[in-house]
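Just so it is clear, none of the values below were taken in a lab; they were calculated from the coordinates. What you see is a predicted model, and the numbers here were worked out from it, not measured in a lab. We place every Cβ from the backbone using ideal geometry, glycine too, and count neighbours over all the protein chains shown.
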């Protein structure tokens, strides 16, 4: 069997095994915490808790419509919660597939396209193990936003590698970079964690293409994205007028600089396509305002209220913080105002426990390593077996980092920054 056929066979095996185990262990109905809220919100097109996860709600609604069609003709469960839980399975299987392709892409880049069956088996084993990590597995079999957010995170990584590979072959495909920017901002409608990759992604680009460091429009695009994200999700309303002025100034520079010196700023199209995609990516957030306003209108309609109390399902029961009431309410939902102000210093490990900065950070890292050690094998397992498994887990991980550092320090840098 040649390597191409083995690669496909292992990929199919990976999908079949993970799908089979996930389907066997999937929650038959709603799970604890936010799962019930997300299921109900997707089913009724409601507004869940801040920051609202509008894209996830919309994807969930479309998913339920599609699965509902299959449920009408196939002997599968009619339970809405179970059908919605399948979405997490689908996202996680896609994550595993792209992780497999990403690992093989790295191998091909490290070994100049010359990979053998051992590389394929390593990729297969790595992805199969990852699919059943403590957190990955549990997020896959319930209705939570983390499975979808993880998929976007891995996909952006994969796009970064595709772009790097194209640069190494002398034909940069910057469309991958633009698509990554779009997905990062689109994913804010699912969860904010995928944005964590933005700064490492930019540093990775600068490390590979040093000319971008001197590319004023490319740098301005990055600054715009950082400030725009902070404007939408982080900065208090009292600062937004000034920050909006800064964003407008950046856009104005994007017009003036190419007009003043067209030869120097040839990539103005890249800048403006990037701006367009970032704004397009954030646009699902408008669902919160539009849907919240519509629900408020229905709640205030006396006729609708009577029909609602009579048992008619004319409006969802969920409209958290009513983002359609006013711009301030909408802004508060996006900024998660109800949770209190975000702060870097003092750290919560200090304020919540009374620890100092160093001791608080020590215990935070201690808990992180404990949580990381849960992933390959839970604490409740046989201690000897667990010790062996953890030793292999950390040894292979460290060995892999050393090999990656020696083979390609730019990919190593990207991995460590993430």
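Kindly identify segment 241-294 as rounded, prolate or oblate by the Cα gyration tensor criterion: order the square roots of the eigenvalues as a ≥ b ≥ c, call it rounded if a/c is under 1.5, otherwise compare a/b with b/c, prolate if a/b is larger, else oblate.
Oblate, since a/c reaches 1.5 and b/c is not below a/b.
Would you work out if segment 144-249 is rounded, prolate or oblate? Take a ≥ b ≥ c from the square roots of the eigenvalues of the alpha-carbon gyration tensor; rounded if a/c is under 1.5, else prolate when a/b is larger than b/c, oblate otherwise.
Oblate shape, in that a/c is at least 1.5 and b/c is the bigger or equal ratio.
For segment 97-131, list residues with backbone N below 12 Å from a point placed 7 Å from the Cα of residue 6 toward its Cβ?
Within reach of a label on residue 6: 115-124.
What are the extents of the Cα atoms of segment 282-404 along their three principal axes, in Å, largest first?
67, 35, 32
What do the square roots of 5 times the Cα gyration tensor eigenvalues come to for segment 348-417, in whole Å, largest first, as semi-axes of the equivalent ellipsoid?
Equivalent-ellipsoid dimensions as semi-axes: 27, 22, 8 Å.
With an 8 Å Cα cut-off and a minimum separation of 6 or more residues, compute the relative contact order for segment 348-417 in percent.
Computed value for segment 348-417: 14 percent relative contact order.
So what is the diffusion coefficient of segment 148-342 in µm² per second by Stokes-Einstein at 10 °C and 1.306 mPa s, using a Kirkwood Rh over Cα pairs?
Calculated translational D: 83 µm²/s.
Using only alpha carbon pairs under 8 Å that are at least six residues apart, calculate the relative contact order of the chain and give it in whole percent.
19
Which distance in Å, rounded to a whole number, links the C-alpha centroids of segment 85-130 and segment 1-80?
Segment 85-130 and segment 1-80 have Cα centres separated by 21 Å.
First check a/c for segment 100-189, with a ≥ b ≥ c the square roots of the eigenvalues of its C-alpha gyration tensor; if it is under 1.5, answer rounded, and if not, answer prolate when a/b is larger than b/c or oblate otherwise.
Here segment 100-189 falls in the oblate category.
With equal scatterers on the alpha carbons only and no solvent term, can you work out the Debye log10 of I(q)/I(0) for the chain at 0.12, 0.13 1/Å?
Those come out to -1.22, -1.38, one per q.
For 91, 198, 70, which order do you get if you count the other beta carbons within 10 Å of each Cβ and list the fewest first?
70, 198, 91
Whole Å is fine, so just give me how far the alpha carbon centre of segment 145-219 lies from that of segment 226-289.
17
Sorted from fewest to most neighbouring beta carbons within 10 Å, what does the list 167, 47, 154 look like?
Fewest to most other Cβ atoms nearby, the residues stand as 167, 154, 47.
Starting with the fewest neighbours, write out 327, 38, 206 ranked by other beta-carbon atoms found within 10 Å of each beta-carbon.
In order of increasing Cβ crowding within 10 Å: 327, 206, 38.
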